[in-house]
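Engineer: Below is the structure I would like to discuss, written out as structure tokens.
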Amino acid sequence: MIASERGEVGLAAGIALLRDGASAMDAVEAAIRIVESNEADHFVGVGGLPNLLGEVELDASIMDGATRRAGAVGAVKGFPHPISIARAVCEQLPQHLLLVGAGAEQFADEVGIERGETLTDEALQMWRDGLSPAGLERAGQLQGAGEVAYRQQALDRLRAMSPPDGPWGTVNVIGLDAAGNLAVGVSTSGYPWKYPGRVGDSALIGSGNYCDNSVGGAACTGRGELAIRGNTARSVLQGLAAGHDPVKACCEALAETLAMPDQFRAPLQALCLTPDGRHGGAATRAGSTYGVMTASDHDFRIVQRGQV
Ligand code: ASP
């Protein structure tokens, strides 16, 4: 299994399931649930940073490489585990793929997925601080002009309300099971200060998540609107299908996506895993990593991504 930054906390649980013969779908869902429960991670599940109105809205998706069936949810409030709602959409509502907002919440209640508080005091504090003059200045230093432009438009809309120093980022987990099936899961609270109802790439198959047993699985983190416009996860698979190695496939998909103009340009990352267990990643910034763990490992290890 591989996981984007901060997804490593879920790898041991996923690998334990795979060792017992569980499916990649089971292992990916279990790993992501652990990340969603981690309150120190301010971009996924409980503790995720809120939207402009101060409400946490979560997006998630899961895709099965064996069948290319998928399930996804967007802008879900009051459920700590959107990945499980996405899986339930995939398996229990096969006539649909993506549910958003109140409909997704109604379906989650119907299938018995647990409700819970997702806004934490710490996330609320970061949400406030991130739009303060000091927060804007820090964002400029750490993440550049695109991030400042993004926050400035939120400020302009709000006329009132940092990059947090702590964990920050969507989670991608990609698993390969003993039967040779791949699955990709993605979960996020999305961009902080986003417009209510905004759904990002994490819920969109082809953009932030794509999986096909015959080629590989891929997923993205970072500037979701760009990954949507670039259909970036699917584009990584096209590179793999063309014979590129995983790092090159990710780098080329990112480069193609980044060629588009975007005034809110922010980091963008991609990860992929092939059916024969090769993996790689790419990022727009130096030092970006991901975690890897196999059935014979006792712990995960950290691998550097290529840079575009
Ligand atoms: N891709 C996520 C989104 O656009 C955010 C992130 O990964 O930083 O919602």
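The values are calculated or read from the model by the stated rules, or taken from the named source; none is laboratory data. Since the structure is predicted, the reported quantities are computational estimates derived from the model, not experimental observations. When we count neighbours, we look across all protein chains shown, and the Cβ atoms used for this are built from the backbone with ideal geometry, even at glycine. Note: areas computed on protein heavy atoms with side chains; ligands, DNA, RNA excluded. Shrake-Rupley method; radii C 1.70, N 1.55, O 1.52, S 1.80 Å.
Engineer: Only strands (runs of 3 or more DSSP E) wholly contained in region 86-193 count here; list those with 2 or more residues that are in contact with a Pro (Cβ under 7 Å, 6 or more places away or on another chain).
Structural biologist: Because the criterion is at least 2 residues that are in contact with a Pro (Cβ under 7 Å, 6 or more places away or on another chain), the strands (runs of 3 or more DSSP E) in region 86-193 that meet it are 182-188.
Engineer: While we're looking at this one, here's another question. Anything in region 71-84 that is in contact with a Lys or Arg (Cβ under 7 Å, 6 or more places away or on another chain) and open to solvent by 20 Å² or more (accessible area, probe 1.4 Å)? List them, or say none.
Structural biologist: If the condition is that a residue be in contact with a Lys or Arg (Cβ under 7 Å, 6 or more places away or on another chain) and open to solvent by 20 Å² or more (accessible area, probe 1.4 Å), then GLY78 is the only one that fits.
Engineer: Only one of these is crowded, with 19+ Cβ neighbours inside 10 Å and of a type in the set (Lys, Arg): ARG87, ARG68. Name it.
Structural biologist: On the way: ARG68 fails: crowded, with 19+ Cβ neighbours inside 10 Å.
Among ARG87, ARG68, only ARG87 is crowded, with 19+ Cβ neighbours inside 10 Å and of a type in the set (Lys, Arg).
Engineer: While we're here: With SER162, SER214 as the choices, which residue is surrounded by fewer than 24 Cβ atoms within 10 Å (Cβ to Cβ), polar (S, T, N, Q), modelled with pLDDT under 95 and away from the ligand (no atom under 11 Å from the Cβ)?
Structural biologist: Checking each option against the conditions leaves just SER162.
Engineer: Looking at ARG301, ARG278, which is the one that is under 19 Å from GLY216 (Cβ atoms) and surrounded by fewer than 16 Cβ atoms within 10 Å (Cβ to Cβ)?
Structural biologist: ARG278
Engineer: Exactly one condition in (1) more than 15 Å from the chain's Cα centre (by Cα); (2) buried (at least 17 other Cβ atoms within 10 Å of the Cβ); (3) at pLDDT 90 or above; (4) within 14 Å of the ligand (Cβ to nearest atom) is not met by TRP193; state its number.
Structural biologist: The number of the failed condition is (3).
Engineer: Six or more apart or on different chains, Cβ atoms under 9 Å: show the pairs whose first residue is in region 223-246 and on the phi > 0 side of the Ramachandran plot and whose second is near the ligand (Cβ under 10 Å from one of its atoms) and not charged (D, E, K, R).
Structural biologist: ASN231/LEU204; ASN231/SER207
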